[in-house]
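Participant: Here's a structure for you.
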Amino acid sequence: MLTSTPQKVTVVGATGLIGRQLLTLLSGRGLDVTAASRASGVDLLTGDGLDDALAGADVVIDVINSTTPDDSAEAFFEHTSAHLSAAAARTGVGHYVVLSIVGADRMAAQSGYIRGKLAQEAAAENSGVPWTVLRATQFHELAAPITESLITDDVVRAPVALIQTVDSAEVTTILARIAVGPPLNAIHHVGGPQKMSFADMARTVLRHQGRTLDVIDDPSATYSGLSIDFTTLVTDDDAELGTTRLEDWLTGR
Ligand SMILES: NC(=O)c1ccc[n+]([C@@H]2O[C@H](COP(=O)([O-])OP(=O)(O)OC[C@H]3O[C@@H](n4cnc5c(N)ncnc54)[C@H](OP(=O)(O)O)[C@@H]3O)[C@@H](O)[C@H]2O)c1
């Protein structure tokens with residue numbers, strides 16, 4: 001149990017998009033930060049190196065990601081999270097923080113990856129360690145690849161749904177704040193400042209790229225193979241919102 005301000009934080013997934021930003025942010029605040037991933041000899045699939053990486057840690061932040069295809073991602077998150085939750089309890093970690101995805105509970109039936117994310121959340125919740133889950137919407141970094149994935153024969157076929165991309169740097173800042181604060185023992189939500197249609201997101205990306213493709217709403221289009229409802233991917237009213245709009249992020253404003 002955390003009784004004072006955390007001094008030592010272990011970031012698991014430290015070489016990733018979010019992990020790298022977390023290291024910079026937390027180290028810059030004078031915290032003692034341990035970077036853990038396979039690159040530093042910590043493998044969550046086997047548990048190798050984990051106890052050493054967590055020794056003395058007040059907080060662990062799990063931002064690992066599966067490198068395996070969707071059908072094996074569920075097992076990846078189940079196994080890695082089982083090792084992490086057992087080690088966190090064994091080594092006396094005071095706060096167990098996990099980064100997950102807004103709408104995970106609404107998409108689980110269709111995706112092994114998403115079921116894996118729910119297993120990752122549940123591992124923290126059931127670990128016996130005080131915990132917080134932060135569910136974020138899709139990062140701005142995904143807007144261009146998602147748009148690309150919707151193009152067939154030079155036409156963007158957009159799912160008829162909202163998307164709410166968010167600046168990953170803002171997600172990292174919120175994650176860092178949560179990690180050094182008191183455990184919420186709850187799920188907190190963060191999303192971008194704008195809920196826009198997939199079609200409008202695609203138009204924003206294409207405008208930035210200087211491309212002029214037709215963009216149509218296509219009721220049969222999916223998001224990475226997932227059939228989504230109009231509001232599956234966006235936050236409810238109680239979410240914290242980032243401030244950087246997609247268009248400004250794309251142009252570096
Ligand atoms: N992309 C989005 O829009 C979005 C939105 C909301 C939430 N999220 C969540 O955010 C999290 C972080 O995403 P990201 O983009 O920062 O991930 P990422 O860039 O793919 O990084 C993944 C990290 O996991 C580590 N890793 C992979 N397998 C490992 C293993 N067996 N043992 C230890 N470490 C391992 C990798 O390091 P090594 O290769 O060195 O092991 C790397 O540091 C993900 O869980 C994702 O679900 C993403």
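The values are calculated or read from the model by the stated rules, or taken from the named source; none is laboratory data. What you see is a predicted model; the values in this text were computed from it and never measured. Here the Cβ positions follow ideal geometry from the backbone for every residue, glycine too, while neighbour counts run over all protein chains shown. These accessible areas exclude ligands, DNA and RNA; they are computed on the full protein's heavy atoms, side chains included. Shrake-Rupley method; radii C 1.70, N 1.55, O 1.52, S 1.80 Å.
Participant: Send over a whole-number figure in Å² for the accessible area per residue of segment 111-157, probe 1.4 Å.
Facilitator: On a per-residue basis, 35 Å².
Participant: Hey, if you drop one equal point scatterer on each alpha-carbon of segment 51-105 and run the Debye formula without solvent, what base-10 log of I(q)/I(0) do you get at q = 0.22 Å⁻¹?
Facilitator: Each listed q maps to, in turn, -0.89.
Participant: Okay, next question. For segment 103-171 and segment 214-253, what is the centre-to-centre distance using only Cα atoms, to the nearest Å?
Facilitator: Segment 103-171 and segment 214-253 have Cα centres spaced 10 Å from each other.
Participant: Roughly what would the spin-label model give for residue 154 and residue 222, points 7 Å off Cα along C-beta, in nm?
Facilitator: It is 2.8 nm.
Participant: Can you give me the three principal axis dimensions of segment 10-112 from its C-alpha atoms, in Å, biggest first?
Facilitator: Projected onto the principal axes, the Cα atoms of segment 10-112 cover 42, 25, 25 Å.
Participant: Next question, about the same structure. Expressed in nm to one decimal, what extension gain is obtained for the pair residue 230 and residue 211 from 0.36 nm per residue of sequence separation less their Cα-Cα distance?
Facilitator: Between residue 230 and residue 211, full extension yields an extra 4.2 nm.
Participant: Further question: Give the whole-number value, in cubic angstrom per residue, of the convex hull volume spanned by the C-alpha atoms of the chain.
Facilitator: Spelled out: Cα convex hull of the chain, divided by residues, is 122 Å³.
Participant: In percent, what relative contact order does segment 117-253 have, based on Cα pairs under 8 Å that are 6 or more apart in sequence?
Facilitator: Relative contact order of segment 117-253: 35 percent.
Participant: I would also like to ask the following. Pop out the ³J(HN,Hα) list for segment 83-90 in order, Karplus 6.51 cos²θ - 1.76 cosθ + 1.60 with θ = phi - 60°, rounded to Hz; leave Gly and Pro as x.
Facilitator: Residue by residue, segment 83-90 yields 5, 5, 5, 5, 5, 4, 5, 5 Hz.
Participant: Something else about it: For the charge dipole of the chain, defined by +1 on Lys and Arg C-beta atoms and -1 on Asp and Glu C-beta atoms about the Cα centroid, which residue among 206, 221, 59 has the Cα displaced farthest towards the positive pole?
Facilitator: Most positive-ward Cα: 59.
Participant: As a test of the definition: which semi-axes, in Å, follow for segment 211-253 when you take the square root of five times each eigenvalue of its alpha carbon gyration tensor? Largest first, please.
Facilitator: Semi-axes, largest first: 23, 21, 8 Å.
Participant: If you don't mind, another one. Averaging over all projection directions, find the projected area of the Cα convex hull of segment 107-225 and quote it in nm² with one decimal place. Write out the running numbers ahead of the final one.
Facilitator: Numbers: hull surface 33.5 nm².
Mean projected area for segment 107-225: 8.4 nm², to one decimal.
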